[in-house]
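Shown next, in C-alpha cells, is the structure this report addresses.
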Amino acid sequence: MDRITAPRETLSAQPALAGVAILVMAVVIPTALALGLHAELRLEAPTVQWWPSWLKLPRRQTAYESTPTAWDKAAPRQGDKWIRISLPNGQRVGGWMSGASLVSTYPQPRDVFIQEQFPPQASSK
C-alpha cells in the first residue's frame, strides 16, 4: 500500500520501474493496437534454404508490386489466346498467341512476336 500512497517516492526509488511502465504504455500498447486493427498479416515461411518450412512468420500484405509495369507482369503469363495489338501508327494487328509466340519485358522495350498473324479487316476497330 505504500506505493499507492506515495507514488513520487516509489518512482524516485525505482526509476527502472517507471521506465518500463512508460515504455509499455507509450510504445508497446499503441503498437500492438495499431497492428491488430490495421495490419493485414499472413503467415509465411521465409525463402531462405535453411529455414524449416513448418515454422512460419507473420508477413505484411502490401499493394506494392516490384514489377516495373503492368505489361511486364501480364505479358509473360499469356497463354493460348487471340490477341489484337494497336500499333503506334494507329494500325491494328491480330493473331493467335501460343507457345511459339514471344514477348519482351523489362529492361527491354515492349516487343511481341505473334506465332500466327492475321491481317486486320476493314471493319475491325
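Only one residue of Met25, Ile83, Trp50 has its Cα farthest out toward the positive end of the dipole of the chain, where Lys and Arg carry +1 and Asp and Glu -1 on Cβ, and that residue is Ile83.
Looking at segment 6-91, which GluC sites (Glu not before Pro) are DSSP coil and have at most 11 other C-beta atoms within 10 Å of their C-beta? Taking segment 6-91 and a limit of 11 other Cβ atoms within 10 Å, the loop GluC sites (Glu not before Pro) found are Glu40, Glu65.
Of the listed residues Arg110, Arg42, Arg8, the order by accessible area with a 1.4 Å probe, largest first, is Arg8, Arg110, Arg42. Charges were assigned to the Cβ only: +1 to each Lys and Arg, -1 to each Asp and Glu. The resulting dipole of the chain about its Cα centre is roughly 320 debye.
Can you give me the accessible area per residue for segment 1-51, using a 1.4 Å probe, in Å²?
Values: 4560 Å² over 51 residues.
Here the residues of segment 1-51 average 89 Å² of exposed surface.
The angle separating the long axis of helix 29-38 from the principal Cα axis of greatest extent in the chain is about 30 degrees.
With viscosity 1.306 mPa s and temperature 10 °C, the Kirkwood radius over alpha carbon pairs of the chain converts through Stokes-Einstein to a diffusion coefficient of 74 µm²/s.
Across segment 53-99, how large is the tail of the calculated P(r) beyond 14 Å, expressed as a percent of all Cα pairs? It works out to 71 percent of all Cα pairs. How much space per residue, in cubic angstrom, does the convex hull of the C-alpha atoms of segment 17-86 take up? Looking at segment 17-86, the number lands at 212 Å³ per residue.
The values are calculated or read from the model by the stated rules, or taken from the named source; none is laboratory data. A quick note: this is a predicted structure, and the numbers were derived from the prediction, not measured. Every residue, glycine among them, receives a Cβ derived from its backbone with ideal geometry; neighbour counts consider all protein chains shown. Just so you know, the surface numbers come from the protein's heavy atoms only, side chains and all, with ligands and any DNA or RNA stripped out. Shrake-Rupley method; radii C 1.70, N 1.55, O 1.52, S 1.80 Å.
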